[in-house]
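Take a look at the structure set out below.
The values are calculated or read from the model by the stated rules, or taken from the named source; none is laboratory data. Bear in mind that the values here come from a model prediction, so they are computed numbers and not experimental data. Glycine gets a Cβ as well: all are built from the backbone with ideal geometry, and neighbour counts include every protein chain shown.
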Amino acid sequence: MKILVTGATGNVGKALLNRLDSARAEPYAGVCDGDRAKQVLGEAHRFCTVGFKRARYPKITVDAIFLMRPPQLTDPRPFENFS
């Protein structure tokens, strides 16, 4: 199962990525800065670009999305096409 985790470099996102890895899922770390994400998470994870402010969304098909985002960005509609 492919699962997109936004906010992957934060406390909740990191913990969820690690848990999904141990559950043999295929988690994708949705990040806005790939270089920073590799420093925080390491090279072992799959990364895709997600940028709410610049309307940058991943071009992958996923089975589920864990949508962690700031409260001011409350519109989940851009992600409706990914599942």
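State whether one or more residues within the stretch 18-29 are in contact with an Asp or Glu (Cβ under 7 Å, 6 or more places away or on another chain) and outside any helix (DSSP H, G or I). Break it down stepwise before answering.
Of the stretch 18-29, the ones in contact with an Asp or Glu (Cβ under 7 Å, 6 or more places away or on another chain) are 27.
Add one more test, that the residue is outside any helix (DSSP H, G or I), and what stays is 27.
Checked against the condition, which is being in contact with an Asp or Glu (Cβ under 7 Å, 6 or more places away or on another chain) and outside any helix (DSSP H, G or I), the stretch 18-29 yields at least one hit.
Could you grab me the full set of residues in the stretch 1-17 that are surrounded by 13 or more Cβ atoms within 10 Å (Cβ to Cβ), in a helix (DSSP H, G or I) and touching a residue at least 40 places away in the same chain (Cβ under 8 Å)?
Here is the first cut: in the stretch 1-17, the ones surrounded by 13 or more Cβ atoms within 10 Å (Cβ to Cβ) are 2-10, 13-14, 16-17.
Okay, now just the ones that are also in a helix (DSSP H, G or I), so 13-14, 16-17.
Result: 13, 16.
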Residues (touching a residue at least 12 places away in the same chain (Cβ under 8 Å) and more than 12 Å from the chain's Cα centre (by Cα)) located in the stretch 22-40: 25, 36, 40
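Specify the residue that is farthest from residue 80 (Cα to Cα); the eligible residues are those in the stretch 18-64 that are among the β-branched types (Val, Ile, Thr) and surrounded by 19 or more Cβ atoms within 10 Å (Cβ to Cβ).
Going residue by residue through the stretch 18-64, those that are among the β-branched types (Val, Ile, Thr) are 31, 40, 49-50, 60-62.
Remaining after also requiring surrounded by 19 or more Cβ atoms within 10 Å (Cβ to Cβ): 31, 50, 62.
Numbers: 31: 18, 50: 14, 62: 11 Å.
By that ranking, first place goes to 31.
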Please go through the stretch 36-83 and give me each residue that is modelled with pLDDT of 75 or more, among the polar types (S, T, N, Q) and not in a loop (DSSP other than H, G, I, E, B), ordered by number. 39, 49
